[in-house]
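Asker: Input: one structure, supplied below.
The values are calculated or read from the model by the stated rules, or taken from the named source; none is laboratory data. As the structure is a prediction and not an experimental result, all values here were calculated from the model. Neighbour counts run over all protein chains shown; Cβ positions are idealised from the backbone, glycine included.
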Amino acid sequence: MDRFERTAALPSEMQGRWVDVEDPTVELTVRGGEVVCFGELVVYDYKLVGKIDGALTVSLRRDDEVG
């Protein structure tokens with residue numbers, strides 16, 4: 001997996017507004033490197049981006065993760 005800083009945009013496949021089909025109040029918005037989920041800005045320091053079995057995988061990480 002490749003490491004990217006927060007300022008780097010997330011992959012183009014993830015950009016946009018995503019809504020849960022069963023619960024339209026559940027919304028995720030990705031704009032550049034910014035992620036908003038449940039109306040709150042997601043706080044992260046860097047992201048790991050790669051592919052597992054051909055599927056795009058992104059992991060948002062904090063520098064000060066505990067445990």
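Asker: Select, from 36, 66, 21, 43, the only residue that is of a type outside the set (Lys, Arg), in contact with a Leu (Cβ under 8 Å, 6 or more places away or on another chain) and either modelled with pLDDT of 95 or more or in a loop (DSSP other than H, G, I, E, B) (or both).
Answerer: Details: 66 fails: in contact with a Leu (Cβ under 8 Å, 6 or more places away or on another chain); 21 fails: in contact with a Leu (Cβ under 8 Å, 6 or more places away or on another chain); 43 fails: in contact with a Leu (Cβ under 8 Å, 6 or more places away or on another chain).
When all the criteria are applied, what remains is 36.
Asker: Six or more apart or on different chains, Cβ under 9 Å: which pairs go from a residue in the range 29-47 that's of a type in the set (Asp, Glu) to one that's part of a strand (DSSP E or B)? Could you list them?
Answerer: Cβ pairs passing all conditions: 34/41; 45/5; 45/60; 45/61.
Asker: If you go through the range 6-27 one residue at a time, how many are within 19 Å of residue 46 (Cβ to Cβ) and surrounded by 10 or more Cβ atoms within 10 Å (Cβ to Cβ)?
Answerer: Going through the range 6-27 one residue at a time, the tally reaches 7.
Asker: Can you tell me which residues in the range 46-55 are not hydrophobic (A, V, I, L, M, F, W, C) and not in a loop (DSSP other than H, G, I, E, B)?
Answerer: Taking the range 46-55 as the starting set, the residues that turn out to be not hydrophobic (A, V, I, L, M, F, W, C) are 46-47, 50-51, 53-54.
Correct list: 46, 47, 50, 51.
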